[in-house]
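FYI, it's all coordinate maths here, none of it is from the lab. Just so we're clear, the structure is a prediction, and the values are computed from it rather than from any experiment. Positions of Cβ are backbone-derived with ideal geometry, glycine not excepted, and every protein chain shown enters the neighbour counts.
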Amino acid sequence: MVEQMPAFPRSVYRVMELASDINCDPKELVEVIEHDPVLILKILKVVNSPYFSLGQKITSVNHAVVYIGLNTVKNLAMSTATIGALPRKNKAGFDMDAFLLHSLATATIARLFARELGVPVKESFDYFVSGLLHDFGKAVLAHFTPDEFQMALTIAKERQVPLYMAENEIFDIDHSLIGSLLGERWRLPANLVASLKGHHCLEGDRLPLTSVVAAANQVSKWLQIGDSGNPILEKMPDAIAEQFGEDFGTIVERLGGVTDEIEKAKVFIQG
Amino acid sequence: MKITFWGVRGSLPSPGTGTVRYGGNTTCISVETDDGQLIVLDAGTGIYKLSQALLGRLPVSCSLFITHTHWDHIQGLPFFIPLFIPGNRIQIYGAFDPISGKSIKDVLSGQMEYCYFPVRQDELRAEIHYMTLHEKQTVEIGQAKVTTILMNHPVLNFGYKIECGGKSVFFTGDNEPLYNIYSPGDDFHQEYGSLISSKDATLLDFIHGIDVLIADSAFTADEYPAKKGWGHGTFDSCIAMARKAGANKLYFTHHEPLRRDEDLDAIERRLREHYPAGEGMPSFTIAYEGLEILL
């Protein structure tokens, strides 16, 4: 089923990468956007919106660059890119809006962790993208095996066990592994793939990206922003607990402005 | 119409002995119309000086048009004293931000958040209204008409045309002439070129026959290649625009922070040599703080 997923996110990653380079080649950016129907659609929608009321219809990405400028198109692509990768509907009764919000909150919190840990800005995009995609495997399960995934959701809820355990019981595989397979297929960087795979392994030494995404996942659940379908709040990963402690309230305070940042990032999931 | 420059500097205020003649404040221009309306273009640090001048004529009623929300065009706003005084009426206009989905009010109130400024927006005592504008929208201020057009900058930037009593002035805000991002051999070179021509034609049509053109001339032609894509024009590109538009008078603004008075004098000498007065050549002046133009 992983093979059947759309291949958009490579462009997402490329947009992120280009956008983090102040000297990025405008041609290259236009080319990446032009190869992603979701990005094109969103950009043209905004440029042709009543906010601009331009005298004529903007019909291509180049046209948009001429009218609203390269930097605005770049930022628009960035804020749109990541979310375009996720299917919006499924038959499993899985609330995709709540799921997207959980993913976005995790992404935002992961980036705040990265800042607190002194990760260079350029690399902090990986933290954001990884947070956004950490539960992507669930979208795959909900999309391709809606009945079974619904069952997993029910088991997790009724027995109060983590969703990945319920998934393992039914599918013999869980969303973190599926997400990592998808990540490999999309040729995401190895550390990002590892973080998708390991975001429920909370013990021992992990790559910083993995530990941070695992921690951000728990913090966003603690804040009850969105819903990942997992009813269980787990502990902080060891590596993060060592530096930040185990108390969620203290961690949120130390990260600073978490809810404000999430509010700001919501533009990513507006239709 | 009386046009006054209160700030002519770009990017960063530049006080010091090297900038006393042209001035070190960032962008702010006031336009007083024949029927006594006060229109202010941008709220760089120059607006602080304007606000001192306005204290003698309370209550103040004015319309403030923000070209774009980069710091050097809004950093004086929290220090615009008339905002604090009850009885004053201030209308603020600007563009919608498509990235954050925010109105001009949302964007500007951000700079008065607790961590940046001691007074919150809610505590300002003047009657303040905000209006988010779209392109080619016209606002009537008394007998004057103010119309917007999108220019080219790394953030959405409106150029504003003010027309009143048969006279007109256009301020570009920050603007870099459009350039082709493709090389001559590339597939899209021609298509992109024609998109630029069409956008340029729209602008020239919009400002055709303007009496006063105030334009962003941050760089010299020599400096430009290293600053391409930064969103600013050159002295030469401004002259070209003025000539094509048939403008009567051109005023250069948005001077680089490191540009000293003698540098600007030298640039002016070179321009006068290179562009002698003659038919089709607008008169041009490097704008300085306190410069007044009567139309």
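Data overview
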quantity: Of B:252, B:117, B:188, the one that fluctuates the most in a GNM where chain B has Cα springs shorter than 10 Å; calculated: B:188
quantity: Gap separating the Cα centres of region B:74-118 and region B:179-246, nearest whole Å; calculated: 30 Å
quantity: Percent of alpha-carbon pairs separated by more than 23 Å within region B:135-293; calculated: 40 percent
quantity: Two-site label geometry, residue B:272 and residue B:189: point separation in nm, points 7 Å out along Cα→Cβ; calculated: 4.1 nm
quantity: Tensor-based shape of region B:1-147 (alpha-carbon gyration tensor, a/c under 1.5 rounded, otherwise prolate or oblate); calculated: rounded
quantity: Helix-derived mean residue ellipticity, 222 nm - over chain B, DSSP H n ≥ 4, -39500 (n - 2.57), to 500; calculated: -6500 deg cm²/dmol
quantity: FRET efficiency for residue A:148 and residue A:241, using Cβ-Cβ distance with R0 set to 30 Å, rounded to 0.05; calculated: 0.30
quantity: Residue of B:154, B:177, B:15 that the Gaussian network model of chain B assigns the largest fluctuation, springs spanning Cα pairs under 10 Å; calculated: B:15
quantity: In region A:71-193, lysine pairs with alpha-carbon atoms under 16 angstrom apart (chain gap of 8 or more, or interchain); calculated: 4
quantity: B:200, B:205 arranged by Cβ crowding within 10 Å, fewest neighbours leading; calculated: B:205, B:200
quantity: Shape call, region A:136-253: gyration tensor on alpha carbons, a/c limit 1.5; calculated: oblate
quantity: Volume in Å³ per residue [convex hull over Cα atoms, computed for the protein assembly as shown]; calculated: 168 Å³
quantity: Ranked B:138, B:69, B:45, A:145, criterion: other C-beta atoms within 10 Å, fewest first; calculated: B:138, A:145, B:69, B:45
quantity: Residues of type lysines that residue B:49 reaches as a straight line, Cα spacing below 27 Å, ignoring anything fewer than 8 places off in the same chain; calculated: B:2, B:105, B:145, B:161, B:167, B:249
quantity: Cα extents of chain A along the three principal axes, largest first (Å); calculated: 59, 42, 32
quantity: FRET efficiency estimate (nearest 0.05) - Cβ-Cβ, residue B:57 to residue A:115, R0 51 angstrom; calculated: 0.60
quantity: Furthest towards positive pole of dipole, B:276, B:56, B:110, structure part chain B, Cβ charges; calculated: B:56
quantity: Estimated inter-spin distance, residue B:115 and residue A:53, nm [label 7 Å along Cα→Cβ]; calculated: 3.6 nm
quantity: Space enclosed by the convex hull of the alpha-carbon atoms of region B:197-246, per residue, Å³; calculated: 77 Å³
quantity: Estimated Rh, chain B: Kirkwood, alpha-carbon pairs, angstrom; calculated: 19.6 Å
quantity: Average beta-carbon neighbours from other chains, 10 Å sphere, peptide A:58-71; calculated: 6
quantity: From phi via Karplus (6.51, -1.76, 1.60), per-residue ³J(HN,Hα) for region B:22-31 in Hz, x at Gly/Pro; calculated: 7, x, x, 7, 7, 3, 7, 10, 10, 10
quantity: Highest-MSF residue in chain A out of A:180, A:20, A:211 [GNM, Cα springs under 10 Å]; calculated: A:20
quantity: Entries of B:136/B:227; A:45/B:102; A:45/B:228 with Cα pairs more than 24 Å apart; calculated: B:136/B:227; A:45/B:228
